[in-house]
1. In this structure, is residue 486 under 23 Å from residue 627 (Cα atoms) and free of Cβ contacts under 8 Å to residues at least 40 places away in the same chain?
2. Name the one entry in 591, 605 that is at pLDDT 90 or above, in a helix (DSSP H, G or I), of a type in the set (Gly, Ala, Ser) and buried (at least 21 other Cβ atoms within 10 Å of the Cβ).
3. Somewhere in the range 213-221, is a residue of a type in the set (S, T, N, Q), farther than 22 Å from residue 265 by Cβ and either at pLDDT 90 or above or not in a helix (DSSP H, G or I) (or both)?
4. Restricting the search to the range 609-633, which residues are within 16 Å of residue 660 (Cβ to Cβ) and surrounded by fewer than 18 Cβ atoms within 10 Å (Cβ to Cβ)?
5. Hey, could you check the range 168-197 for residues that are farther than 18 Å from residue 223 by Cα and surrounded by 19 or more Cβ atoms within 10 Å (Cβ to Cβ) and say which is modelled with the lowest pLDDT?
6. How many of the residues making up the range 8-61 are touching a strand residue (DSSP E or B) at 6+ places or on another chain (Cβ under 7 Å), at pLDDT below 75 and charged (D, E, K, R)?
7. Of the residues in the range 579-611, how many are farther than 12 Å from residue 631 by Cβ and of a type in the set (A, V, I, L, M, F, W, C)?
Amino acid sequence: MWRITYIKFSLGGIGCGMESRMKKTVIFAGTTEGRRLSEILADAGIAHTVCVATEYGEIVMREQTKGTEAAGAKEQPLVSLHCGRMDREQMEEFLRNEGYEIVVDATHPYARVVTENIRSAVNTLRATERETQFPIYLRLEREISETPEAEDPAVSIRYFESNADCAKALENTEGNILLTTGSKELATYCASGRLHDRLHVRILPGIESLELCMEQGIKGRQILALQGPFSTEMNAAILKQYDIRHMVTKNSGRTGGYQEKLEAAKMLGIPVYVIQPVRKAWDTYSFTGICEKLEQLFDCKLSGQGSMEICLAGIGMGSKVGQTQEVQHAIETADILLGAERMIERYSAKIEKRPYYMTEQILSYLEQLQENGITAQKDPLRVTVLFSGDTGFYSGCRKLYVALQEAVAIGALNAEVRILPGISSVATLAARVGESYEDAAILSMHGKKLNRLSTTVESHEKVFLLTSGSEDIRKIGRSLAEAGLTDCEVTVGYQMSYPEEIIRILTPGQCEEITGEGLYTCLIRNPHWQPERLTHGRADICFLRDASETEGKLRRTPMTKEEVREVSICKLHLTQNAVVYDIGSGTGSVAIEIAGVPGRVQVYAIERKPEAVELLRKNRAHFHMDNIQIIEAPAPEGLEELPVPTHAFIGGSGGRLMDILRVLYRKNPHMRIVINAISMETIAELKEVLDTFPVEEEEILQMQVSRVKKLLSYHLPQAENPVWICSFTFRETGTDPMDNSKKTKQDAEETGNGKNGEVQR
């Protein structure tokens with residue numbers, strides 16, 4: 001049964017002429033954007049119908065319209081609400097009987113059947129009503145996030161075209177599943193007996209959703225009836241509370257809380273299964289595009305709440321003399337000024353200024369301005385957000401720009417956004433001292449650990465550093481001194497562009513004298529720099545190897561020998577921003593070599609023996625590899641709290657190779673592994689490893705190196721012990737490989753059961 005109710009709106013906004021009101025309009029809602037569009041039409045005085053499928057949708061729509069009537073305003077039923085699901089034939093009958101001329105499809109991007117039904121009904125009406133071009137069909141398409149997160153090795157993501165494909169993949173997994181795709185697709189997942197009892201379903205708190213859960217036999221403890229939006233912290237709390245091992249979601253963009261789900265899963269190392277919508281073959285419109293199209297059809301302006309002109313401006317070092325005229329004009333004409341307190345304190349704004357610099361904080365504030373009608377009082381409302389330095393250079397500008405564009409796309413903001421560049425402190429310091437910076441290394445210490453500074457200085461003639469204050473300058477001096485780089489020249493720019501600007505040239509030791517607080521930028525010149533090595537390959541004699549005497553014999557800490565080390569590292573297939581575990585690190589020779597390769601690599605050296613750990617620390621200091629973190633703990637226990645790895649080298653397992661690999665697989669079922677085996681016991685385990693774990697690109701090679709040594713007048717080859725090198729990449733299947741291994745062993749022990757249950761011998 002269909003039910004039509006009427007919600008009364010006051011006449012507000014600009015309004016449209018009588019002729020334009022005669023175009024009957026219906027919005028098939030179900031999204032935030034659909035409800036927002038109805039709001040805008042009502043504000044413009046345009047009567048229309050909103051169709052929702054469920055009672056919960058009706059409740060949300062009613063809540064949205066509370067408080068919209070102005071005191072003393074003449075009541076007029078501008079919005080009629082239609083509640084109930086319709087198939088294609090019912091939609092066709094509904095549109096024909098009511099005589100709708102404009103049909104706006106603002107249903108959910110995953111409601112493919114509904115969209116197809118609406119479009120089919122419209123096409124049928126167009127074909128039969130030859131005397132008119134109506135109804136006009138407009139599809140509002142939510143902006144769907146692209147998938148750069150798939151490149152992030154810390155988050156395991158699999159994409160599926162359908163819920164059926166996703167459910168099939170989940171059948172091969174173990175552990176609890178959080179389903180955030182809604183109740184409509186629940187039957188697809190409940191059809192499998194392997195999934196039903198493992199499901200935890202997050203649904204809207206509506207009667208229909210709860211009834212669908214009950215129909216599928218989903219128990220109360222499995223139901224999370226909650227209304228979003230959900231923060232990253234909230235998602236993470238749910239994942240922990242219900243011991244979730246797999247999360248299923250839709251790529252529903254910003255308004256659907258997609259990014260917050262990914263961040264929570266990343267925090268806890270939980271794989272994400274994403275249903276990615278298929279792009280439509282027909283033309284669609286963004287929220288802004290829909291509004292523009294309706295403005296043409298109704299010959300009026302719909303932005304009754306007013307618009308914003310948002311300018312993201314780089315203010316350089318901060319003083320007016322270091323700013324472009326465009327930036328100065330944006331500040332002087334701003335109605336509202338936002339930015340860190342130190343940036344905005346010297347400026348005034350026509351309406352107000354706020355010390356807001358976080359993306360979420362700014363976005364919430366701007367949306368509130370629009371909801372409260374502030375933008376309607378001044379159209380357009382000019383908002384300028386200040387960023388230090390240049391907006392494209394170590395700046396938070398990009399994150400805010402993307403968030404603002406998404407808000408505009410879904411109708412949360414009616415705004416135009418532009419970016420004005422500034423002059424960076426690096427460019428300014430380079431100009432002050434007559435240097436170029438296209439051939440320099442540039443590092444930032446803003447909120448970051450001082451990492452690989454000495455190795456960077458060793459391999460560059462010029463290094464520019466963005467710092468947070470005087471303490472950073474002192475740290476730089478100490479780091480250079482400890483690395484023996486005392487001949488370096490440190491140029492420090494203080495409060496550049498301000499009247500108190502000072503440029504000083506210091507030695508590393510003199511950096512300790514810097515105490516005044518303020519803004520610093522630094523240039524390090526190294527007169528003895530050497531080109532950076534593009535390949536690893538340090539000789540064994542370069543490494544420190546403390547010897548100890550046991551039972552009259554001199555013993556040295558074990559070390560992976562040079563040639564084996566180089567081949568093993570090559571087999572790792574290292575990438576930019578790699579996170580590498582060196583398990584059983586020993587002297588740290590492999591960790592040192594990996595840490596020294598070009599690129600931003602972070603190495604975790606795991607070692608349980610105290611004497612080896614001490615040697616690790618000495619070698620790390622000797623080679624100035626501060627991107628190595630030493631973990632004094634046995635494996636696999638010491639791996640649990642570490643960041644998600646992308647690569648692992650196992651030089652020593654302590655007889656726990658399978659346990660170590662199981663933990664690694666759980667942390668990242670896509671990572672690259674290299675194992676060195678010397679003992680017969682470890683060599684024998686390699687086949688079990690490849691049989692147990694799903695892998696690809698597997699390879700086992702045996703390597704033996706012979707060195708030529710001189711004895712009197714002869715040069716004689718002397719063989720080193722042979723080493724087996726096993727390399728592979730994990731392949732995710734969703735199952736626990738160790739569970740499969742146990743089952744296989746159990747099956748192997750039994751030859752099978754007879755018809756009567758006895759074991760066949």
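1. yes
2. Details: 605 fails: in a helix (DSSP H, G or I).
Only one candidate qualifies: 591.
3. Residues of the range 213-221 of a type in the set (S, T, N, Q): 216.
Among the residues that remain, those that are also farther than 22 Å from residue 265 by Cβ are: 216.
With either at pLDDT 90 or above or not in a helix (DSSP H, G or I) (or both) added as a condition, the list becomes 216.
Yes: the range 213-221 contains one or more residues that are of a type in the set (S, T, N, Q), farther than 22 Å from residue 265 by Cβ and either at pLDDT 90 or above or not in a helix (DSSP H, G or I) (or both).
4. Within the range 609-633, just 633 meets the criteria.
5. 173
6. 1
7. 8
Yes or no, residue by residue, for (1) crowded, with 20+ Cβ neighbours inside 10 Å; (2) within 18 Å of residue 442 (Cβ to Cβ); (3) touching a strand residue (DSSP E or B) at 6+ places or on another chain (Cβ under 8 Å):
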site: 477; (1), (2), (3): yes, no, yes
site: 490; (1), (2), (3): yes, yes, yes
site: 493; (1), (2), (3): yes, yes, yes
site: 499; (1), (2), (3): no, no, no
site: 503; (1), (2), (3): no, no, yes
site: 509; (1), (2), (3): no, no, no
site: 520; (1), (2), (3): yes, yes, yes
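The values are calculated or read from the model by the stated rules, or taken from the named source; none is laboratory data. None of these values were measured; they are calculated from a predicted model. Don't worry about glycine lacking a Cβ; one is built from the backbone with ideal geometry, like all the others, and counts go over all protein chains shown.
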